[in-house]
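*Asks:* Submitted below is the structure of interest, expressed as C-alpha cells.
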Amino acid sequence: DLLVVGSANADLVIGLERRPAAGETVLGSDLVIHPGGKGANQAAAAARLGARTTLLARVGDDAYGRMLAEAQRDAGAALAGLLVGPTDTPGTVGKEGIKEPGEGGATGGAEGKGAPTGVALITVDAAGDNSIVVSPGANARLSPDDVAAARALFEAAAVVSLQLEIPLETVAAAARAAAEHDARLVLNPSPPARLPEDVLALCDPLVLNEHEARLLLDTGRSLGDDPREWATALLGLGPRSVVITLGAEGALVAGPGVGDGPTDGIGMVRVPSPRVRAVDTTGAGDAFTGALGWRLGRGDGLEQAVRYAVRVGAFAVTRAGAQESYPGAAEIEAERGE
Ligand code: ADP
C-alpha cells in the first residue's frame, strides 16, 4: 500500500490579464475551484493508477473538506486517514475517529469547530504564469499525535510519501514512523525547508524540481546549470537517492545501482519525458511523485519507476487542472509505442 501524508487544499483559481499592483483592482475570469494540495494530489494520482492508497491529512468540517473527500473517493483512495473536525486538542484523533473507508469522510467531524480546510488562492495571467497564496488552515493542525494514532496505516504501507505543506515536526514524525515500519520513504521537499539530518538520510528518493533543488542547495556557493552537479550536491545532504524533475526534459535519477555505474556505487541517468503538447502543468510534479511511490511499492527499481512516472507527469500536463488531469493505468498503457 501507498500512504501519502500531507496537505489537502481547495485551489481557487482566477485567470487575469495581468496581476494587480498594490492597491489596484483588476477584473478576472469566473472562479474555478479544484481539489488540490500536494498530499491530496499525489494520493489521487496513485489511486487513479490503481495503487491501494491512503491519504493521511486534515481538512475542515466544511464544503471544501467534503469536496476533497469526494475527490479522493472518486480517484479510488481510502478515506481512513482523512481527519476532520475540531483540531484544537492534539492527540484526540482516536476519538475523532480515523474513519473507515466509506464511513462518510469529511462529513463526520464535530459541527463547526476547528480550522477550515486549507485554501490556495491562485491567479494565472495571460502568459500562463501563476501567483499563489496558501492558507494552510487544517493542514497546519496535522500533528505528530495524528501520526502516532495512524499507526495501522504505517504498518500497512510499503511506501510512505511526504511533502512539506504540513508542519515539519509532523513530517519528521511520519518519516520516523515509516522507518519503524520498514516502509520506503519518498519525500518531496516542497515548499523547500531545512530537514533534520535523520529524516534526509531516510529519503529514498528525495524528489524535487529544479526550483526546489536550487533553494535546498542555497548554501552561498553558486551552482552551475548541470542537473548532475545539483544531484551530486543533493546527495551530499544525505538522502539515499535523488530524483530531479526537469519539466519537459523529464528527470534525472541518481542513486545506488542506477544506470551503468557499478552496482554498489552511485549512478546517474537522464530519463527523457514523452513529447506532449502542454496545456496545464499544474500538479504534474505531484502526479509524477504519486506514480513513483506506487511503482516503488510494487517492487520496481528506482530508474524503472521514474521511467513510468515521467509518462504519468507528461500525461498530466496535456489536460487542465491537477487531479482532474490524472490518467488511469489504461490511459498510460494506451499511449505506449506512440
Ligand atoms: P513540478 O510540477 O513540480 O514543477 P516538473 O515541471 O519538473 O515538476 O514536472 C514533473 C514531471 O512532469 C516531469 O518530470 C515530466 O515527466 C512531466 N512534465 C512536466 N512538464 C512537461 C512538459 N512540458 N512536457 C512533458 N512532460 C512534462
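Every number here is computed from the coordinates shown, using simple stated rules; none is lab data. Given the structure is predicted, the values throughout are model-derived calculations rather than measurements. Heads up, the Cβs are rebuilt from the backbone with ideal geometry, glycines too, and the neighbour counts pull from every protein chain shown.
*Asks:* Just how large is the dipole of the chain about the Cα centre, in debye to the nearest 20, putting +1 at every Lys and Arg Cβ and -1 at every Asp and Glu Cβ? Could the numbers behind the result be given before it?
*Replies:* Working: 29 positive and 44 negative charges, 54 e Å.
Once rounded to the nearest 20, the dipole reads 260 debye.
*Asks:* For segment 2-334, give me the percentage of DSSP beta bridges that are antiparallel, rounded to the nearest 5 percent. List each step's numbers first, then the result.
*Replies:* On the way: 21 of 51 bridges.
Just about 40 percent of them are antiparallel.
*Asks:* Fewest first, what order do His34, His211, His181 take by the number of other Cβ atoms within 10 Å?
*Replies:* Working: His34 22, His211 12, His181 17.
Lowest count first: His211, His181, His34.
*Asks:* What ranking of Tyr64, Tyr326 emerges when the number of other C-beta atoms within 10 Å of each C-beta is taken as an exposure proxy, fewest first?
*Replies:* Working: Tyr64 23, Tyr326 27.
Ranking Tyr64, Tyr326 by Cβ neighbours within 10 Å, fewest first, gives Tyr64, Tyr326.
*Asks:* Quick one: among Glu155, Glu24, Glu249, which has the greatest mean-square fluctuation in a GNM of the chain with alpha-carbon springs under 10 angstrom?
*Replies:* With Cα springs under 10 Å in the chain, the top fluctuation among Glu155, Glu24, Glu249 is at Glu24.
*Asks:* Still on this structure, please answer the following. Only counting other Cβ atoms within 10 Å, I'd like Arg228, Arg184 sorted with the fewest neighbours first.
*Replies:* Working: Arg228 13, Arg184 21.
In order of increasing Cβ crowding within 10 Å: Arg228, Arg184.
*Asks:* Starting from the amide H of Gly238, placed 1.01 Å from N in the peptide plane, find each other amide H under 5 Å away whose residue is 5 or more places distant or on another chain.
*Replies:* For Gly238, whose amide H was placed from the backbone, there are no distant partners under 5 Å.
*Asks:* Of the listed peptides 140-146, 52-58, what is their order by residue-averaged count of other C-beta atoms within 10 Å, with the highest listed first?
*Replies:* Numbers: 140-146: 21.7, 52-58: 28.9.
My ranking of the peptides, most packed first, is 52-58, 140-146.
*Asks:* If packing is taken as the average number of other Cβ atoms within 10 Å across a peptide's residues, how do 284-292, 25-33, 188-196 rank, most packed first? Walk me through the intermediate numbers first.
*Replies:* Numbers: 284-292: 30.2, 25-33: 10.7, 188-196: 18.1.
Result, highest mean first: 284-292, 188-196, 25-33.
*Asks:* Around Ala305, under 9 Å between beta carbons, what's the net of Lys plus Arg minus Asp minus Glu among the other residues?
*Replies:* Numbers: positive: Arg295, Arg298, Arg307; negative: Asp300, Glu303.
Once all neighbours under 9 Å are counted, the net charge is +1.
*Asks:* Still on this structure, I have one more. Which residue, Val186, Gly36, Gly283, has the largest displacement toward the positive end of the dipole of the chain when charges sit on each Cβ (Lys, Arg +1; Asp, Glu -1)?
*Replies:* Result: Val186, furthest along the dipole toward the positive end.
*Asks:* Tyr64: net charge of surrounding residues, Cβ under 11 Å, Lys/Arg +1, Asp/Glu -1, itself excluded? It would help to have the intermediate numbers written out before the result.
*Replies:* On the way: positive: Arg66; negative: Asp11, Asp61, Asp62, Glu70.
Net of charged neighbours comes to -3.
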